[in-house]
Amino acid sequence: MNLTVFKYVVFLVGVSVSYAQDIYVETSLSSASFDDFKSDDGVNTLDNKYSRPVEFGIGVGAILNVTDNNRLKWDLGLNFNKYKINTSLNTSIPTEYNLNYVSLKTGPYFSLINHSRVKLQLHAHSSLDHLIFGSNQYSDVYDDLLEGKNFSKLVMNYHYGVAVEITLSNSSSLYMSYDSKNGLTNSIDGDESYRLNATSILMGFRFKLNKL
């Protein structure tokens, strides 16, 4: 991520925190896959039968109340995610992809149940992922995906899921969330295309900010 983009992200998060009612810190467990692959002949030749390893991630962010009853909220977060994907193009030995992304994510939470002690929330987000480390390895052949232009470094995604928030005290709460992340179509060499999708379970704490 170049310095200009990094400064913009820090500025945006800083402004959001200044207006936010809550901040949060979270961890995640994620598994990912390449879906809807199409070769230059328009055929899906990708084999996704291999196991999907679960990888660890972390995130921080700010939440703003949109409505007076706090039923609708807006989230802006910064996440670090690791994905490991085993796949192959009709060979018996899988290719292992290791991908690390920094993501800027934003979107609404809506509370179906808005009790003071327990909340059941639906969420929908969009995110922009920047690849900070990427490799694939087939047998003893290793490729650095940050070199060259064949592999997309920026990925746009849409998310949806459900979360449960439990109040711990007047200033903190615990939440667990299911998140389905769906990447928009990315191209390889202009002729091949794929989507990077991930499923995550997140757990974290939200803290209320005391406004003067």
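Under a Cβ-Cβ cut-off of 9 Å, what is the net charge of the residues other than SER200 that fall near it, where Lys and Arg count +1 and Asp and Glu count -1?
Spelling it out: positives minus negatives among the neighbours equals 0.
Take the cross-link list LYS82/LYS153; LYS181/LYS208; LYS82/LYS181 and give me the ones stretching past 23 Å between alpha-carbons.
In this structure, LYS181/LYS208 exceed 23 Å between Cα atoms.
Based only on other Cβ atoms within 10 Å, what is the fewest-to-most ordering of ARG117, ARG195, ARG206?
ARG117, ARG195, ARG206
I need to check one value: relative contact order of the range 70-157, counting alpha carbon pairs closer than 8 Å and at least 6 residues apart, in percent.
Across the range 70-157, relative contact order equals 26 percent.
Grab the other residues whose beta carbon is less than 14 angstrom from that of SER126, score K and R as +1, D and E as -1, and report the net.
Spelling it out: positives minus negatives among the neighbours equals -1.
Any read-out appearing in this document is the output of simple, stated calculations on the displayed coordinates, not a laboratory observation. Source: prediction; values computed, not measured. Counting neighbours? That spans all protein chains shown, and the Cβs are built from the backbone with ideal geometry, glycine included.
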